[in-house]
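These notes are about the structure you will find just below.
Derivation of every value follows stated rules applied to the coordinates shown; laboratory data play no part. Worth saying up front: this structure is predicted, and the values here are computed from it rather than measured. All Cβ positions, glycine included, derive from the backbone under ideal geometry; neighbour counts span all protein chains shown.
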Amino acid sequence: METKVSVADLEFVSHRLLPREWRTLGRKLLTTIDPHFPNVEGILGNLEFTHQDEGARKMALQTMLRWQSMWGDKATVALLVGALEDLGMLGIASGLREMVAERNDPTPQRGPYSVVKMKECDPVVHLCREALKNHYFTMYESNVPLVWRTFGFNVHTTYIPLQVVRLDRAPTERLRSQLDVEVPLDQHSVLFHGPAGIGKTHLCCKMARDWVSEKDPRLKNVQLLFVLSATSMGKGDILDAVYDQIFPAGFVDKVPKKRLEQWVKANAGGVMFVVDDVDAVEENCSSRDVKKSPVHCYIKGQYLRNTRRVLTCRRSAMTDCNATSETTSMLPHYLINGFSEGAVDEVISKFFGRSDDSRARGRRLKETVSSDDYLSGVVQNPMYALMVCALWERGKSPPTSLAQLFEQFIVLISDEYCSRKTPPMTTKSMQTTLCSVGKLAWSSFQEGTRPLTHQHIQDVIGNDVVTDMGLLQRDQRVREDDRYVFVHRIFCEYFAAKHVSAASAAGDQAKDLQALWSTGCRHNHRYGNAYLFAAGLLGDKSHDLFAAFKSNFSEMTKQDSPPCCQSTAISQACLAIVESGNPNITAPLVAKALPRDLALDFQGKPPPPDVLHGLAELITTKHVPKTIRLKHLWFTEPGSLLHLGEALKRSKGLSSLHVDVTGMDMSLSHPERNNNAMVAFHRCLAENRGIACLEISADINDMDETAVVAIPEVIKRKPDLLDLRLVINASEACSTRCRNMVAKGYKIACKREKNITVFNESLADALGKNKTLRSIWISVQLLQHKLALELVAPAIASHPCISSLKAFGHPSEESHARGHGIEALAHILLKSKTLKSFSLSLPSLVSDTSCDASSQRVNILCAALKECRTLEKLDLSFTYLFAREKLLLAEVVMSGRSLKEVSLSWRNMNEAFLVAFCRAVRGKAAGSLRKIALSGAFDSRGLVRLGKTILASQSLAEVTLGHSRFQDKGLEEFIDEVMEAVASFSDERDAPLQVTLQGDVSGDCAHDAISTAELLSVELQDSDHTNLTVHLEPENTAASQAVHQATTSETPCDFAFMIDLGKGDSSSGSQQEQVMRWLTRR
């Protein structure tokens, strides 16, 4: 244990830490040898900043590597184990200790997640394993989806892996698919997310089955595997759920919970909890009790934190605004995409493999699926695929909607049940029974957590037909015998929608339809896909359904709902448009409800094809929004991309489009496919005759060359493009992570250097042939490359029409003033003959004052700004600047020959800069200034100087000090300057000076200073000299209000007064001045 720690040891620990624990461990390690080690937080902050895109595991590993390199031979395994034990990470410490012992021992090593090997004589483990095996065998045999059990499809011999993608990765990496059986389970936590019917529950059951049969090598080190359902959890903790759902009655007498808990804590690395449907906990608990639920406490690490876990949920835990997503957002997050094309063929082959005739029927179904875009999307869902196979086997035609698929399937199984029943059941009786099932399903949604009992079923339906058919079955997840559930939740949603759609009273129907639409993430989970089934069942009579959407969405916008909720609601409406089968009728109804500026964030997940088809229908309507923003798009089918492109081509009302095209590159998700669809999409954009403003976002590092070239083609071919915004992420060289992926065979070769070369050449060529652009936004990261300086910058500078240029950098990066970016901007400023507006937004200009190259770039930029003879508007925004840079920018304002508007923003507006800026405003060269906007924390004395300068200027028309922070004393003196200037007004202005104060005020007298400013603002409304607009708040609103109220309550008002501030006579001016000065003193 005194041996030097190895990289393998550090990797072992990093794989098992919770995401938030790496910083705690790093702080502990860095101060273990030297408690007074300096700048610990700075080191951890730099490591987090450098590796934030690579995940918490990478940050943990790099932190421990830094510790190892700093302390050398003193960084021993014993020291690391001790630090882990001190922090309560006993499972990781014991696993590391044993791994090192096995490494020093000649016996064979174990798997990647080492645990303390169980003793054969341990009665706790033996009894628990036997109970688990018996339970899982029974549960796996009985928990078979309805379609498989009805039509004899053997899931044990025909399990087909599902496609999954990892979402907590870089945008281009998350497009790469893998199979669910390839997901490493040696991680501390894994989260699977996917829609209804995609196979999440079946995946959990298969893990249990494989653990029992010891078929899955990923589970070979798991000694106890607990598969639980969050839907059926009550109060208590996660182990209480184990005794309630898994162990038989009386098992607590054999193995008391306390004893099992002690064993689990001591052997946490060998225990895995698989919890299905974790987001359903919000249905079973009130919003107040969600964070006290067993699932939430377990995931947060408040109980048995070192055990391994696999979780499943319906919704995206990365973005949803609810308690569960806050808990799971940091876990390794896999999205289940269902079957691939090859997997669908395999399912059909196995379903129709019983005879030659059956195989011929299966081949015809494959042909039908390949030629039907809608059907090919449906069968990617495993449950839907098997339902389609069952219908096809009985000679039914392919469904055209999801509601039709379920309707045909229910009719099929009900007909077969009626034919088998003795005596036979009439069709009318079956229809009556199914209508009662709809009533039962709707009541279960309305009543929430109330379980279905046999008596409840009898009261509503009146017979046991639905349980005999298999639509309702006994809940195997709980010990109670008299508890029933629908065979799958989605059947409950279908029957609930059928009940609402068939409601006879219009008033009740409208109220129920209103409930189907989401007004928030948590509300939406209750009804699931019921809205979608309702759209399909109502068809051309769905006007009331979409009227309910309009009402709910209007309420969401009034409540300022989070963007994720609004995007979800709009995506649901797009699905419903297609599902209704009458998009010509329903799309205009939805379009009228949407804002004029529509934003859809797909969160890096591939939307269902019907969402894109519905969006395409919206775009072609007369009421299309003026601006559409499509963020984080990801296409898996070229047909959807072509459909959307054709809709954009035909749209006449759309004037602005913002689109992320990275996910359009088919080579990222399907390397075998070409990018003809992406090329065609960009060609459609070029042929549109309404879009004048186009923003294209792309991460071109790993994109295919054809996809990279397609982006500039829009600029070249679109003759009416006026405003272009390019948000391009491009790296000049291959990163270490990329080189490692190439070395391990995950990538054939790195495309970064070639892609940036190709893009710059294509962009320069496109700009050279375009003659209509008036404005261009471009990321500074793109301009850093040498080719941008040689090709792109001259193309922009020589463009005959570009009058506005904005360059921006990502705020999370340390500094974008690297490479050739500043030189490229300086070239444009010096050579352009049409540039009137220049905007630059960066975290900083110089990252190191001792670097001559960085300082030289600042000098180059400032010199170019001074020499630009056409520049009228200057907007500079930085997170922070050094003092020298601020003074240089003040000189720019002084020397600017034609500047009319100046906007400057950074963290601290210090006195030295404000004095220099005032000198520039008073200077002769800046006499043309009309507008000034400053933002930052203002120095008090500098603010007073600024007040004197702007009030004395005869050219200024508008001054805005917005999003700023003021000191109370400085603000009071600034207000005094305004009052004195107004009092000494000599009638020389053509129009009053407009002064705006916006931001926070700090200090003990903040309330008084704000009150004085607001009172003066009212008084100066009709002034011919200065108009003052005030939007100020105390820096700590709650604390300031409390102090203000306390002072007011303790000091009673001893007099009241009313003053008439008259207007029109000569004496009113002096009266006003005296009153204002008196109020200021008070």
Amide H neighbours of V5 under 5 Å, counting only residues 5+ apart in sequence or on other chains, H built in-plane at 1.01 Å? T76, V77
What does the charge add up to near Q68, with Lys and Arg as +1, Asp and Glu as -1, over the other residues with Cβ less than 13 Å from its Cβ? 0
Report the equivalent ellipsoid semi-axes for region 600-669 in whole Å, largest first, defined as the square roots of five times the eigenvalues of the gyration tensor built from alpha carbon atoms. 20, 12, 10
Would you mind checking the pairs K626/K833; K769/K831; K873/K931; K28/K292; K215/K257 and listing those with alpha carbons more than 21 angstrom apart? K626/K833; K28/K292; K215/K257
Which order results if M272, M383 are arranged by neighbouring Cβ count within 10 Å, fewest first? M383, M272
May I ask for the net charge around S798, where only other residues with Cβ less than 11 Å from the Cβ of S798 are counted and Lys, Arg are +1 while Asp, Glu are -1? +2
How much net charge surrounds A647 when only the other residues with a Cβ under 13 Å from the Cβ of A647 are counted, with Lys and Arg +1 and Asp and Glu -1? 0
Short version: what are the Cα gyration tensor semi-axes of region 344-402, square root of 5 times each eigenvalue, largest first, in whole Å? 17, 11, 11
Over all Cα pairs of region 401-502, the Kirkwood radius sets Rh, and Rg/Rh then becomes 0.95
When S762, S580 are ordered from fewest to most other Cβ atoms inside 10 Å of their Cβ, what list results? S762, S580
Arrange the following residues from fewest to most other Cβ atoms within 10 Å of their Cβ: V212, V485. V212, V485
Over region 959-1020, equivalent-ellipsoid semi-axes from the Cα gyration tensor in Å: 23, 13, 9
Amide H proximity to W906 below 5 Å, modelled H, separation 5+ or other chain, gives F878, S935
log₁₀ of I(q)/I(0) at q = 0.13, 0.21 Å⁻¹ - region 526-668, Debye sum with one point per alpha carbon: -0.53, -1.44
Would you mind putting 953-965, 347-359 in packing order, based on average other-beta-carbon counts within 10 Å, highest first? 953-965, 347-359
For region 179-258, what mean projected area does the convex hull of the alpha carbons give, in nm²? 6.7 nm²
Pair D481, R363: separation of 7 Å Cα→Cβ label points (nm): 5.3 nm
